[in-house]
C-alpha cells in the first residue's frame, strides 16, 4: 500500500521501483501477471506523474523565493558564490552562509551536475527574503 499518499498508484510505484532496481520489462510483467506493454505504460505514467510533482514543487519554490539565479552550464564552481552574493546585495539581502559554506552546500546538492570545477548542467539557486539559499 502507498502509505505516503503520492501521485503514483501502487502499481506504478511497484513498476517504477522494480525498473530502478534493474528488472526487465519481461521480468516485471511475469511477476505481476501482465504484459510487457502494460508494464511499459505503467512506468511511463509513473515517470510523468513524478515529473509533474517535481515541477509543482519547483513552481512553489520559485514563487516563495525573492530571487532565482540561473547558474549556466560551463560556469566555474568557484565563481558561484560571487554570483549569489552580488545578486543578494542587489536585493538588499544578507546571505546566511559564508563563501566556503555555500560552496560545500552546492557540491553536496549538485554533485552530479559538477565535474571538477565545471558546472555540467544549469543550476537554479533560490534566495529567500531571510537570506537562506536553496537549490531548485
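In the range 65-86, how many are assigned to a helix (DSSP H, G or I) and surrounded by 13 or more Cβ atoms within 10 Å (Cβ to Cβ)?
We begin by selecting, within the range 65-86, every residue assigned to a helix (DSSP H, G or I); these are 77-86.
From what's left, surrounded by 13 or more Cβ atoms within 10 Å (Cβ to Cβ): 77, 80-81, 83-85.
Summing the residues that are assigned to a helix (DSSP H, G or I) and surrounded by 13 or more Cβ atoms within 10 Å (Cβ to Cβ) in the range 65-86 gives 6.
Among the residues of the range 109-136, which ones are touching a strand residue (DSSP E or B) at 6+ places or on another chain (Cβ under 9 Å) and free of Cβ contacts under 8 Å to residues at least 12 places away in the same chain?
113
Test each condition in (1) more than 30 Å from residue 90 (Cβ to Cβ); (2) exposed (fewer than 14 other Cβ atoms within 10 Å of the Cβ) for residue 34 and report the one that comes out false.
Only one criterion is unmet by residue 34, namely (2).
Would a scan of the range 45-62 turn up a residue that is surrounded by fewer than 16 Cβ atoms within 10 Å (Cβ to Cβ), within 19 Å of residue 131 (Cβ to Cβ) and modelled with pLDDT under 95?
Taking every residue of the range 45-62 in turn, at least one turns out to be surrounded by fewer than 16 Cβ atoms within 10 Å (Cβ to Cβ), within 19 Å of residue 131 (Cβ to Cβ) and modelled with pLDDT under 95.
For residue 101, state whether it is over 18 Å from the mean Cα position of the chain (by Cα), farther than 23 Å from residue 6 by Cα and not in a helix (DSSP H, G or I). Let's see the steps before the verdict.
Numbers: over 18 Å from the mean Cα position of the chain (by Cα): yes; farther than 23 Å from residue 6 by Cα: yes; not in a helix (DSSP H, G or I): no.
For residue 101, the condition - over 18 Å from the mean Cα position of the chain (by Cα), farther than 23 Å from residue 6 by Cα and not in a helix (DSSP H, G or I) - is not met.
Which condition breaks for residue 34 when tested against (1) in the same structural domain as residue 112 (by TED's automatic domain parsing); (2) part of a loop (DSSP other than H, G, I, E, B)?
It is condition (1) that residue 34 fails.
Among the candidates 114, 64, single out the residue that is more than 13 Å from the chain's Cα centre (by Cα) and closer than 30 Å to residue 9 by Cα.
On the way: 114 fails: closer than 30 Å to residue 9 by Cα.
Every option except 64 fails the conditions.
Which numbered condition in (1) surrounded by 16 or more Cβ atoms within 10 Å (Cβ to Cβ); (2) under 21 Å from the mean Cα position of the chain (by Cα); (3) farther than 24 Å from residue 103 by Cα is the only one that residue 39 fails?
All conditions are met except number (2).
The values are calculated or read from the model by the stated rules, or taken from the named source; none is laboratory data. All of these numbers come straight from a predicted model, not from anything done at the bench. Heads up, the Cβs are rebuilt from the backbone with ideal geometry, glycines too, and the neighbour counts pull from every protein chain shown.
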